[in-house]
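Notes to accompany the following structure.
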Amino acid sequence: MRTVFVALMRLLEAILDAILPLRPRSARTKALRQEDIPLTPTSHELLGSHVTTLMNYQKKNVQDLIQSLKYDGAGHAAHLCASVLAEYLLEEISNAKNFSTKKILLIPVPLHASRARERGFNQIELVLNALPQEFRDGTRSSLDPRALVRARQTKQQTRLARSERLSNVAGAFMAPHPALVENTHIFLIDDVATTGATLVNAATPLRRAGATVTLLALARA
């Protein structure tokens, strides 16, 4: 079933590409393969939390990839990001399971409902849905975007000074179903981290509900 779905999605992408001209960044991304996007995990700390980023946003290929994903909803960009993410998660999830029996959840940083309607998609959900099935069906981990919501609309972080980013997203997230995340290990995933303020604040209600939370972003700006 998964193979058929992927084949249909690729066919649809090919049809759309033939009808609608690609934006230059998406056209460049379309030519990339996973080996063109090296996995370079780095970690930094914010308010006692560690944020790990997987790619360097200063690289032109990575900029094209993330912007094609975030602003164009490009299927090829989502699959490339999923490949990079799966490569990293494979070892991280195995290590986590060596030390704990907690259920592993992958959760995207949510958009506010109004932003989701405006954009039409959550770019990280596109990536997580493109992961191999074992990361989605409970074999290695499970997906549960219901576990976290953005309860308050915030200004776009990219438009704010670093000093304003923490206050902008403070209290913006909530875990509406605490029982879903209690005694779980969550990999909370965003697209781009600059200070990491969004991830740190998004993790707070999950930790209060009893989850262990690992913070990940696809790239660091």
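What follows draws every value from the coordinates through simple rules; no lab data is involved. As the structure is a prediction and not an experimental result, all values here were calculated from the model. Here Cβ is always computed from backbone atoms with ideal geometry, including for glycine, and neighbour counts include all displayed protein chains.
Brief remarks follow.
- Where labels lie 7 Å past Cα in the beta-carbon direction, separation of R28 and R207 in nm: 3.7 nm
- Mean Cβ count within 10 Å, highest first, over the residues of peptides 127-138, 193-204: 193-204, 127-138
- Relative exposure of T52, T101, judged by other C-beta atoms within 10 Å (fewest first): T101, T52
- The stretch between H112 and L47 holds 21.0 nm of extra length on full extension. This uses 0.36 nm per residue minus the Cα-Cα distance.
- Residue order, fewest to most beta carbons within 10 Å, for S141, S94, S49, S68: S94, S49, S141, S68
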